[in-house]
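For reference, the structure discussed in these notes is given below.
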Amino acid sequence: MEAPQKVFLLGAGGMGMAPLALYLQGAGVQVSAHDDHFREPLRSHLVESGVEVLSEPIPSFDPDCVIRSSAISEDSPLLESWKKKQIPIYRRGEFIARFASNKKILAIVGSHGKTTTAGMLVWALEQVGFDTSYLVGGLFAEDCLPPGKFAKNAWLLLEVDESDGTIDHYSPEITLALNCDWDHVERYASSNSFSDTLDSLFSRTGKTVLLPKGAKMEHSKSSLSSEKLERFDVSADPSDYMLNNMEAARAAGRCMGVDLSKVDFSQFPGMKRRQNLIFEGLNRTILEDYAHHPTEIRSFLSHRRNTDPESSMRVVFQPHRYSRTKALASRFAEELASADDLFLLPTYSAFEEFDAEGSVETLSGYLPPRLRAETRVYTDFQSLHDAIGPAPTGSGREQLLFVGAGDLNRWAYALASLEQAQGNKYDALSLFLKTRLSQACVIRADEPLASKTTMKVGGCARWYAEPANTEDLRVLVESCKLLDIPFCMMGRGSNLIVPDSGYGGLVLRLRGSFWSEINLRSDDTLVVGAGARLQEICRFACSNQLKGFEFLEGIPGTLGGALRMNAGAMGWETFDLVESVSFLLPDGTIKDIPGIDLEVGYRYCREAYDGIALRAKLKAEGCSDHRTIRKVIDKLAKQRKATQPREASAGCIFRNHEEAPAGLLIDQAGLKGEREGAAVVSPLHANFIVNEGGASADEVISLIKRVRQRVKDSKGKLLEPEVGLLGQNWNEYLS
Ligand SMILES: Cc1cc2nc3c(=O)[nH]c(=O)nc-3n(C[C@H](O)[C@H](O)[C@H](O)COP(=O)(O)OP(=O)(O)OC[C@H]3O[C@@H](n4cnc5c(N)ncnc54)[C@H](O)[C@@H]3O)c2cc1C
């Protein structure tokens, strides 16, 4: 295969694809990568290495080929445009086998321990100064090394993914097979079909097949010649599995001709999510481990029992994939039976369709009566947290083990953060977020908010963040939900009153270049970030001769706030312009919804109320000369100047009444100039309350209450606030 110059990776946020992106970038290939679930620190690794990281699957160039992860199915709509353009599409493994055909591959295969062994070998080679290319399927602890790297050296160390069948494309120089236990049951119907796959890999291996001494691999029907076959020592004790991995790594080095005998493997920092100690207190230790196969669970739990025999062993387990749970349910239950206490989480699907027979409930059916009676399935963190309860006191000790390959590690870290923060969830939030946000994300405690609003009143936010990208935003929202901390959006704060007591949660603002981009598309639409100022959008449209955006000129908000409020002026509304809006929905998914499918009304959009608007596609009414558009803008601005006050305000305080404009009713009630401290009903426009300087939120709110009451008394009409009260409900103030 001719080496591609430009590639596009789809589903690049996982531990198969992201290391490949790093490897290719290092090899001088131009790489663009998309995933709708990038996580830190992986995302930053990619950006720093020069990979174009995209939240929309639209690379800035046409690639020579597209590489898809197993999570992107062959018939995914994401592939359609590339198929039309006849750009070749490869699965990850297929691509590596072709692209790296000039490399000597050392393939690491087997059912358990691959990532740790591959990581150990890479780390050990680094220790002796042997530079090599590698692709490892996990992150190194402390991020001491990247998970993928290209080096000019002839070797490529490759952790092989056996789950998608692409293993059949490899012909390695050396194969290191750690074990051969039945797994990936959705692909391999029996233990024999898995060992057959390994057998054929052995027969395609050029130089050496490295196997553990002992019985495990002897299922293999391979007729390996004795010159090709080498063995490494293994312990029979399952809790010694890290020792076995080390022996395997050493032996692999030997086969490559590199002496690793002097490397002190006890210094290996380890791989993330493997035997990971995340909290150590006087009476409670919390660890997480990736074990998701019965054999791995046996090894990990017996290792923990041996290491810490005095502590009770409480296990939180999340099965990974319905297919595996269904096939191995009784074996899972058998291994988990060694726990003193068991807490179960619903099966992590890993892209599989729901299958009731693979649900966690199937597994609990096999538990011994002692555990079955006590064990529950937890679908939310708070109830698990309550069930686990406080750490033992006095001489009591427990180890709390989070076991599984799904998303339960977030729960493990949330619990560890709460322990460390001694139950204070606000402090726990910052601990929890420590490694999860990009470097560019702003996060501060006790942030004053008054200056971030146009009314210029109110107190502080307990936490305040400016996410640098979609992933930051998603992580911040997820973390708040996990720790039961309220959060809310703030745009330009031009329709908000912040109470003097501030906000007892996290205030999120979409600031910075990522959120304020305005891009012109060839069909005369604008793709605009939710953080873009309305005035900027108006100016941009004008300079590109696009009509219809003129009314935005005098509205001092951002697009996000305008979508939420369906802001409007002089007969136009924001949703007159909207073709579609991309939202982060409450279930954590991102969805692009056509404008016509949105529930929109007067100063209202339900989806922006429930979710967070990220960006929108806005369509022009048509094209016109920019001078003509400018004239309309100037006319509207003049009109606004004549009718609206210039002092600090939050725009219209009340919604227009169905029978009359709110401003007219307030004026007729004789309230122009009415004041509470420095808060005054504007003499120019009665529906505006202005802050003459130094007003408090209490003054503004009590003036709002008074105006409302007086209009009700004198005009018999009840006005409802249009302006928002950050984190509070007007009903509590106005009833
Ligand atoms: C002088 C002045 C003139 C004004 N003139 C007008 C006018 O002519 N017409 C009009 O309609 N309004 C007007 N307003 C009110 C205000 O400017 C608009 O409602 C504007 O759209 C609010 O945008 P913002 O970014 O300031 O939102 P904010 O005030 O910060 O927030 C408003 C609401 O939107 C939510 N929000 C913010 N960002 C997002 C997001 N990304 N996703 C989901 N929800 C979000 C917030 O949580 C809040 O509930 C005026 C205000 C002032 C001060």
Can Leu506 be described as within 15 Å of the ligand (Cβ to nearest atom) and either among the acidic types (Asp, Glu) or in a strand (DSSP E or B) (or both)? yes
For the stretch 441-459: of the residues being farther than 13 Å from Val507 by Cα and in contact with a helix residue (DSSP H, G or I) (Cβ under 8 Å, 6 or more places away or on another chain), which is nearest to the ligand (Cβ to nearest atom)? Met455
Is there a residue in the stretch 579-588 that is in a loop (DSSP other than H, G, I, E, B), away from the ligand (no atom under 12 Å from the Cβ) and modelled with pLDDT under 95? yes
Per the filter on the stretch 696-735, residues open to solvent by 10 Å² or more (accessible area, probe 1.4 Å), hydrophobic (A, V, I, L, M, F, W, C) and over 22 Å from Tyr604 (Cα atoms) are none
Checking Gly423 against (1) under 20 Å from the mean Cα position of the chain (by Cα); (2) not in a helix (DSSP H, G or I), which test does it fail? (1)
Residues to consider are Asp634, Asp610, Asp698, Asp625; find the one that is farther than 30 Å from Phe514 by Cα and not hydroxyl-bearing (Ser, Thr, Tyr). Asp698
In the stretch 727-735, is there at least one residue being within 14 Å of the ligand (Cβ to nearest atom) and either modelled with pLDDT of 95 or more or under 30 Å from Ile537 (Cα atoms) (or both)? yes
Could you tell me which of the residues Ala391, Ala416, Ala405, Ala412 is part of a loop (DSSP other than H, G, I, E, B), surrounded by 18 or more Cβ atoms within 10 Å (Cβ to Cβ) and touching a residue at least 40 places away in the same chain (Cβ under 8 Å)? Ala405
Scanning for something part of a strand (DSSP E or B), within 16 Å of the ligand (Cβ to nearest atom) and aliphatic (A, V, I, L, M), does the stretch 698-713 turn up at least one residue? no
Per the filter on the stretch 636-667, residues among the hydroxyl-bearing types (Ser, Thr, Tyr) and either part of a loop (DSSP other than H, G, I, E, B) or within 8 Å of the ligand (Cβ to nearest atom) (or both) are Ser649
I need every pair where a residue in the stretch 632-649 that is under 25 Å from Glu692 (Cβ atoms) has its Cβ under 6 Å from the Cβ of a residue that is at pLDDT below 95, sequence separation at least 6 or different chains. Ala637/Glu553; Ala637/Gly554; Arg640/Gly554
Could you figure out which of (1) aliphatic (A, V, I, L, M); (2) touching a Cys at 6+ places or on another chain (Cβ under 8 Å); (3) at pLDDT below 90 isn't true of Val7? (3)
Residue in the stretch 13-30 that is nearest to the chain's Cα centre (by Cα), counting only those that are without any contact (Cβ under 8 Å) to a residue 60 or more places away in the chain and open to solvent by less than 40 Å² (accessible area, probe 1.4 Å): Gly13
What single numbered condition from (1) out of contact with any helix residue (DSSP H, G or I) (no Cβ under 8 Å at 6 or more places or on another chain); (2) more than 13 Å from the ligand (Cβ to nearest atom); (3) among the acidic types (Asp, Glu) fails to hold for Glu466? (2)
Just to be sure I understand the filter: pairs with C-beta atoms under 6 Å, separated by 6 or more residues or on different chains, first member in the stretch 722-735 and closer than 17 Å to Asn495 by Cβ and among the acidic types (Asp, Glu), second member at pLDDT 90 or above and within 11 Å of the ligand (Cβ to nearest atom). Which pairs pass? Glu722/Arg603; Glu722/Cys652; Glu722/Arg655
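Which ones in the stretch 551-578 are of a type in the set (Gly, Ala, Ser) and not in a helix (DSSP H, G or I)?
Correct list: Gly554, Gly557, Ala567, Gly568, Ala569, Gly571.
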Does at least one position in the stretch 673-696 carry a residue that is closer than 30 Å to Arg509 by Cα, aromatic (Phe, Trp, Tyr) and modelled with pLDDT under 95? no
Among Arg372, Arg376, Arg321, the single one that is over 22 Å from His303 (Cβ atoms) and surrounded by 20 or more Cβ atoms within 10 Å (Cβ to Cβ) is Arg321
Name the single residue, out of those in the stretch 527-550 being in a helix (DSSP H, G or I) and surrounded by fewer than 23 Cβ atoms within 10 Å (Cβ to Cβ), that is farthest from the ligand (Cβ to nearest atom). Ser543
Residues satisfying the stated conditions in the stretch 129-143, i.e. assigned to a loop (DSSP other than H, G, I, E, B) and in contact with an Asp or Glu (Cβ under 9 Å, 6 or more places away or on another chain): Thr132, Val136, Gly137, Gly138
Total residues in the stretch 477-526, condition open to solvent by less than 20 Å² (accessible area, probe 1.4 Å) and touching a Pro at 6+ places or on another chain (Cβ under 6 Å): 1
In the stretch 53-112, the residues that are within 28 Å of Asn153 (Cα to Cα), assigned to a strand (DSSP E or B) and open to solvent by 20 Å² or more (accessible area, probe 1.4 Å): Val53, Arg68, Ile89, Tyr90, Arg91, Lys104
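The values are calculated or read from the model by the stated rules, or taken from the named source; none is laboratory data. Owing to the predicted nature of the structure, the values given are computational and were not obtained by experimental measurement. Virtual Cβ from ideal backbone geometry, glycine too; neighbours counted across all protein chains shown. Quick note on the areas: whole protein, heavy atoms, side chains included, nothing else; ligands and nucleic acids left out. Shrake-Rupley method; radii C 1.70, N 1.55, O 1.52, S 1.80 Å.
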